[in-house]
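Data block below; observations after.
Laboratory data are not the source of any read-out in this text; all were calculated from the coordinates shown. In this text, all values refer to a predicted model and were calculated from it rather than measured experimentally. Don't worry about glycine lacking a Cβ; one is built from the backbone with ideal geometry, like all the others, and counts go over all protein chains shown.
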Amino acid sequence: MLFPVPVDLHWPNLGGASIGVAHATVATLGTILFVGLAFLARPRRSTLLWSLTFMGVMVACFGYLAATAAESEELRRGALGLLMGAPALLWSGLRAHRTVRTYAWISAVVAAIAVVALIAPGDTGWYGFAYRVVFAGSAVFGVLFLLEWRKIPERSERLLWPIVVASGIYVVTGATVLFGAVFSPLATSDAFASTRIFNAIGMLVYMVCALVSLVPLVTPGSLSINTATGNDDWSRFTATAHDRLERARAANDATWSLLRIELDDADDLHAAGGTAIFGRLIRDIRTRVGTVFPTDADIAVAPDSAVIVLISRPEAVIRELVRDVLRTIAVRDPAAPITVTTSASVGWASARASDYDLDALLAITAEASARARAQGGDRWERVPS
């Protein structure tokens with residue numbers, strides 16, 4: 001998905017240094033921003049892999065600058081080979097975001113193969129062919145990235161479109177490059193000069209697209225916690241939840257649970273603040289819930305104003321999350337629409353308790369939260385599985 005800069009033995013000096021510096025600058029800023037805004041805020045496997053992606057690109061960019069200064073063609077090609085492994089790591093990060101097996105080791109294998117394939121031809125005409133094949137192989141992960149994107153619940157979010165479009169362009173470019181390798185092989189490295197600027201700019205654009213799209217994806221309160229409470233939000237949630245529960249049933253996965261979080265004294269709060277103010281309060285509670293639960297949890301506001309969470313975690317982890325969310329909701333926020341101390345009751349049921357049926361889960365968690373509220377609220381009740 002990254003558009004690596006094709007390097008050769010006789011690159012023109014015009015713009016070469018400035019483009020290399022621009023690459024290094026963008027890669028460094030991307031690493032700092034992603035680690036600071038994403039990984040430190042949500043230290044998950046997905047944010048770790050994506051942080052490593054930007055770090056790898058940064059190292060490759062500085063390696064290229066060092067190679068230019070030292071006039072080392074082997075180091076220059078090695079830096080390019082390292083870049084070729086970045087798309088695989090981005091793909092692995094998206095799989096981690098879906099909480100499925102990541103295959104992160106593939107990135108290291110791709111990078112190692114690319115380095116060897118680009119250095120081995122030396123000054124021969126096979127370098128052009130090797131570059132095109134390696135580039136096309138790297139573009140395969142653009143296809144895989146798009147396939148993974150179609151499986152995440154945030155796929156309809158507009159902020160993801162930059163990386164989606166850039167990935168699609170990368171796939172098309174990879175296919176074109178492979179076609180050229182078969183039907184129009186390059187005899188000399190000088191043939192790369194005409195495409196150097198295009199690919200260099202493409203790499204810069206893709207790095208920016210990845211930063212713009214992936215940071216909001218994993219930042220609390222951005223994409224995974226949509227502040228809308230309309231029917232579309234709930235419809236997307238139920239569609240995603242049905243799909244996840246079907247997969248969990250097929251895999252006999254016992255880690256999935258549904259939580260129903262309801263404000264205590266909701267009727268009194270509604271009467272005191274009116275519909276508009278109460279709606280803002282519910283959206284505030286939803287945002288608080290989102291700051292506690294991991295980004296791979298599916299969260300939505302039900303038509304009856306309860307916050308519903310579908311999550312895959314061990315029982316002990318969920319218990320701690322429930323305790324944290326109750327404490328978070330109970331904190332009085334002066335900026336909240338209604339400046340009162342709020343509390344909530346939580347109904348919790350394992351997916352196995354209803355044979356992975358969403359409607360049944362919603363019903364039994366509603367009963368459980370009602371029991372918790374009847375016992376004074378600010379507590380949780382779990383349905384035996």
Across region 247-260, in residue order, what do the Karplus-derived ³J(HN,Hα) couplings come to in whole Hz, using 6.51 cos²θ - 1.76 cosθ + 1.60 with θ = phi - 60° and x for Gly and Pro? 5, 5, 5, 5, 8, 6, 7, 8, 8, 7, 9, 10, 10, 10
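Quick one: if the Förster radius is 51 Å, what FRET efficiency do residue 317 and residue 28 give, using the C-beta to C-beta distance and rounding to 0.05?
Details: r = 35 Å, r/R0 = 0.69.
After rounding, the FRET efficiency stands at 0.90.
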Quickly work out the residue 208-to-residue 357 label distance, labels modelled 7 Å from Cα along the C-beta direction, and quote it in nm with one decimal. 5.3 nm
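Let me spell out the model: positive unit charges on the Cβ of Lys and Arg, negative unit charges on the Cβ of Asp and Glu, origin at the Cα centre of region 240-299. What dipole size does that give, in debye rounded to 20?
On the way: 8 positive and 11 negative charges, 48 e Å.
That gives region 240-299 a dipole magnitude of about 220 debye.
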FRET efficiency (residue 155, residue 124; Cβ distance; R0 35 Å; to 0.05) is 0.20
For region 349-361, Karplus couplings with θ = phi - 60° (6.51, -1.76, 1.60), whole Hz, Gly/Pro x: 9, 6, 4, 5, 5, 10, 6, 6, 9, 5, 4, 5, 4
Residues with amide H under 5 Å of residue 344's amide H, sequence separation 5 or more or different chain, H placed in the peptide plane at 1.01 Å from N; which? 264, 378, 379
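Report the full-extension gain for the segment residue 243 to residue 133: residue separation times 0.36 nm, less the Cα-Cα distance, to one decimal in nm.
Going from the current span to full extension adds 35.9 nm.
Jot down the per residue volume, in cubic angstrom and as a whole number, of the convex hull over the alpha-carbon atoms of region 227-382. Numbers along the way, then the final one.
Numbers: hull volume 15.2 nm³, N = 156.
Considering the Cα atoms of region 227-382, their hull volume per residue is 97 Å³.
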Test of understanding: what is the full-extension gain from residue 280 to residue 109, defined as 0.36 nm times their sequence separation minus their Cα-Cα distance? 56.6 nm
Taking θ as phi - 60°, what are the ³J(HN,Hα) couplings along region 64-80 by the Karplus curve (6.51, -1.76, 1.60), each to the nearest whole Hz, with x for Gly and Pro? 5, 4, 5, 5, 5, 5, 8, 6, 9, 5, 5, 5, 4, 6, x, 5, 5
I want the local charge near residue 349. Using Cβ-Cβ distances under 13 Å, sum +1 for each Lys or Arg and -1 for each Asp or Glu among the other residues. -2
Using the basic label-point model (7 angstrom from Cα toward the beta carbon), what is the residue 101 to residue 147 distance in nanometres? 1.4 nm
Theoretical FRET efficiency, 1/(1+(r/R0)^6), r = Cβ-Cβ of residue 71 and residue 343, R0 51 Å, to 0.05: 0.15
